[in-house]
Amino acid sequence: MNRLELGMSKEELVSHLGRNFTIAEKRIQDGKQIEVLSYRNYPYENELFKFVFINGRLEEWYQELIPVYRIEENE
C-alpha cells in the first residue's frame, strides 16, 4: 500500500496489487465514469480494500470490514 498514490491509473494500481480483484461498482454520474475495485486482504477474509477511480484515476481508497456473525447452538 505504501507505493500507491492518488491520481494513479487503474493499470498502475493493478501492477502493484495484482489482478485478483473484483469490480464492486461501475457507473456514470454527472458525466464522470466511476469504477470501484475491491481487493480482499488475505489472509484476513473479513477485510476488503476498495479503490475508487473517477475517469480512470484513483481518487480514494478505504478499508471495509465485513461483519462476522456466529450462531450458537443450544444443547
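Things to note:
- Residue check: residue 60 meets all listed conditions (1) at pLDDT 95 or above; (2) over 13 Å from the mean Cα position of the chain (by Cα); (3) of a type outside the set (A, V, I, L, M) but one, namely (2).
- Consider segment 4-37 and keep the residues that are in contact (Cβ under 8 Å) with a residue 24 or more places away in the chain and small (Gly, Ala, Ser). The one that is nearest to residue 62 (Cα to Cα) is 24.
- The set of residues in segment 19-54 being modelled with pLDDT of 95 or more, β-branched (Val, Ile, Thr) and within 19 Å of residue 1 (Cβ to Cβ) consists of 36, 52.
- Search result, residues across segment 1-55 that are of a type in the set (S, T, N, Q) and under 27 Å from residue 67 (Cα atoms): 2, 20, 22, 38, 41, 46
- Yes/no for residue 63 being in contact with a Leu (Cβ under 8 Å, 6 or more places away or on another chain), in a strand (DSSP E or B) and not small (Gly, Ala, Ser): yes
- Segment 3-54, residues that are surrounded by 14 or more Cβ atoms within 10 Å (Cβ to Cβ) and among the small types (Gly, Ala, Ser): 24, 38
- Failed item in (1) surrounded by 10 or more Cβ atoms within 10 Å (Cβ to Cβ); (2) closer than 15 Å to residue 1 by Cα, with residue 57 passing the rest: (2)
The values are calculated or read from the model by the stated rules, or taken from the named source; none is laboratory data. As the structure is a prediction and not an experimental result, all values here were calculated from the model. Here the Cβ is made from the backbone with ideal geometry for all residues, glycine too, and neighbour counts use every protein chain on show.
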